[in-house]
1. With the dipole of the chain worked out from charges on the C-beta (+1 for Lys and Arg, -1 for Asp and Glu) around the Cα centre, which of Thr232, Asn273, Ala64 lies farthest toward the positive end?
2. Counting each pair of different Cα atoms once, what's the Kirkwood radius of the stretch 61-195 in Å, rounded to one decimal?
3. What is the sum of charges around Val118, taking Lys and Arg as +1, Asp and Glu as -1, for the other residues whose C-beta is under 15 Å from the C-beta of Val118?
4. Using just the alpha carbons, could you tell me how many Å³ per residue the convex hull of the stretch 139-210 encloses?
5. When the Cα centres of the stretch 90-131 and the stretch 263-299 are compared, how far apart do they sit, in Å?
6. Taking the Cα centre of the chain as the origin and placing charges on Cβ (Lys, Arg +1; Asp, Glu -1), which of Pro122, Val133, Met1 is farthest toward the positive end of the dipole?
7. Would you kindly calculate the translational diffusion coefficient of the stretch 206-245, applying Stokes-Einstein with the Kirkwood radius from alpha carbon pairs, for 10 °C and a viscosity of 1.306 mPa s, and quote it in µm² s⁻¹ without decimals?
8. Just to compare against my own numbers: the Cα pair-distance distribution for the stretch 1-84, 10 Å bins, whole % per bin, please.
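Every number in this text was worked out from the coordinates using simple rules, so none of it is lab data. On a predicted model such as this, the values are computed, not experimentally measured, just so you know. Using ideal geometry, Cβ is built from the backbone for each residue, glycine included, and neighbour counts are taken over all protein chains shown.
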Amino acid sequence: MRVLVTGSSGHLGEALMRTLRDGPHQARGLDILPSPFTDFVGDIADPAVVAQAMEGVEAVLHTATLHKPHVHSHARQDFIDTNVTGTLQLLEAAVRARVRAFVYTSTTSAFGRALSPVPGQPAAWITEDVRPVPKNIYGVTKVAAEDLCELFHRLHALPCLVLRTSRFFPEGDDLDDVRAGYADANAKLNEFLYRRVAIEDVADAHLQALARAPALGFDRFIVSATTPFAATELAALRGDAAAVLARHVPHYAAAYAERGWRMFPGIDRVYVNAHARERLGWHPRDDFSAVLARLQATGDWRGALAREIGAKGYHAAGVDGGPYTPPGCAT
């Protein structure tokens, strides 16, 4: 199958290009920035660029986007142009090309304010039934793009699946107190319990969506590592996450103590991937226990694909994006 990957110079885009090129698919990349994984350099909001890249394409993996770190460096109109208009251009071209599958990479950030219960309340159990309450232009435009995908399925029977991915970026946490209070690997392993996923598993979810889209038509899926927690533990997780974790993974405490690590005091939300596992047939390999075991065996929690790609940041030279700016680029 000939697959167009948008955002092919980005973190997920490169992961998909590498994965597709290692398999039976013919992959071509489209991005506004050049890279070894990008065949067409141009803006997804430009109809001429999209038309050229879409020639002969049978499926689309649409990962190109402005991200949450861009909220402070880009105008709101930029988010509309890329995340909404760009998605619209791709959907229009996909209909004309009669593609077999259109997979849109969304984000769990789309849930917005629904992710943070007020103090004293249990952690939020986040499934696809939770209504998004976007809290910034990023979330607004990602939800709007999801709705465009659903609209094009209804109007044109375009097989279109939306993957709401949780954190998989390798950069440091966006919160200063987390970066200051926890080793980077410590924070990321903690997140595998409730809000992180391995890039290898994200790539697998996209390939599974390619295969399943014609049969499923339209659906939304949360793509996050499988949590060990249950909905009955949400109140306890908010107050003492370490105690709850010890019941599920008793040996974690010794492994953490060896490194001087600690669990977060409390957790405010848990992403639930049951729908993706059951209906999409996606089987993520890396959960908290698997990643901890890799760390103990190799000294590195990351998988091979994550190590190959490394960190890209989100900002170019001249922009101070804190942990999201590649080393040497900030001024």
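1. The residue sitting farthest along the positive end of the dipole is Thr232.
2. Working: mean 1/r = 0.0608 Å⁻¹.
That comes to 16.5 Å for the stretch 61-195.
3. Values: positive: Arg113, Lys135, Arg238, Arg269; negative: Asp268.
Local charge sum for Val118: +3.
4. Numbers: hull volume 7.3 nm³, N = 72.
Once divided by residue count, the hull of the stretch 139-210 is 102 Å³.
5. Centre-to-centre distance over Cα atoms comes out at 19 Å.
6. Of the options given, the answer is Pro122.
7. Numbers: Rh = 13.0 Å.
Once the numbers are plugged in, D ends up at 122 µm²/s.
8. Bins of 10 Å from zero give 19, 50, 26, 5, 0 percent of pairs.
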